[in-house]
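One structure is given below, encoded as structure tokens.
The values are calculated or read from the model by the stated rules, or taken from the named source; none is laboratory data. Just so it is clear, the model here is predicted, and its values are computed rather than measured. Neighbour counts are summed over all protein chains in view; Cβ atoms, including those assigned to glycine, are modelled from backbone coordinates with ideal geometry.
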Amino acid sequence: MTVYDIYPEVVGEVEGGSVVYLVQYSKDGDGKYAVIEANENDATIKSIMEKAADGTLYDHPATIIGTQLQPLATKKNKSRNNRIVDLSGFLKSILEPSSVLYQNMNSNLYLSTTEHVNDGWIFIIGVIFFGGTGVFLVVSAFLIRKKTVASLEEIYHTYPELQGNVENMAGLAEFYDENLKVILYKNHLITYYKGTQALDLRDVEQLYLVETKINKSLFSKKIYQFCYIRKNGKKKQDMVLKSTKTVREQPEELWDLISDKFPDIHIGI
């Protein structure tokens, strides 16, 4: 996420020990603002605050690497992350509702640097949802695959309302699961783990979940994927999911939604 300004103090605490900051991530209009969740002694945050204090940040913005998350409505919501709860209510409690800051605040999503460290992937999800430009930052040796770029181009072409406003996609989605990194938005099934893939379900004949076990010398690892076959096609293709302990149970709600909306799709093997 690109940061043009930051409030110079911690504005809240998250259960588990991390804290919350308010930042400006866009210059469009009156500016666009969001929440960042990080450790209180985060070196990057400290550096950004120093640049803001000396007046150089706005013209020379900084970049924060993190994982895009959707806040929980309640602690019982198991289909999403387990971090910030009731972000909208929190923002209402600290900001004047009529203020420019509040009116331009993104309460549907936030960027987590602590979750990013836990995931271990140097991938700026925030660039997709907060940036709204479809442009990715290449960090370390991570190479953006062609299908990621193609998927974003397909999303923007199919849903022009998301151009420059793609941060609203997760909030408007029929299904969003931060744990699996999966979104069902209108006619598209989207995954964003190890890159972004978009699948137009109107062109799908069969869809199912598959588990693959990889054995190496010192350990074994399970990989989960959505596999699909297009109409009038025989080739099986896949979409990688983030593995969780309950990955087999988590898509049940998604299967129900897809079955209702796309009855011609065969769910399962």
Quiz item: Looking at segment 236-269, which of its residues are surrounded by fewer than 12 Cβ atoms within 10 Å (Cβ to Cβ) and outside any loop (DSSP other than H, G, I, E, B)?
Solution: GLU252, ASP260
Exercise. Could you tell me whether VAL23 is outside any strand (DSSP E or B), under 15 Å from LEU91 (Cα atoms), in contact with a strand residue (DSSP E or B) (Cβ under 7 Å, 6 or more places away or on another chain) and assigned by TED's automatic domain parsing to the domain that holds GLN103?
Key: no
Quiz item: Filtering segment 1-29 down to residues that are of a type in the set (Phe, Trp, Tyr) and in contact with a Lys or Arg (Cβ under 7 Å, 6 or more places away or on another chain), which residue is farthest from ASN106 (Cα to Cα)?
Solution: TYR4
Self-check item: Output for segment 1-22, where each listed residue is farther than 13 Å from LYS46 by Cα, without any contact (Cβ under 8 Å) to a residue 60 or more places away in the chain and crowded, with 21+ Cβ neighbours inside 10 Å
Solution: none
Quiz item: Going by the structure shown, is ILE144 aliphatic (A, V, I, L, M), out of contact with any helix residue (DSSP H, G or I) (no Cβ under 9 Å at 6 or more places or on another chain) and modelled with pLDDT under 80?
Solution: yes
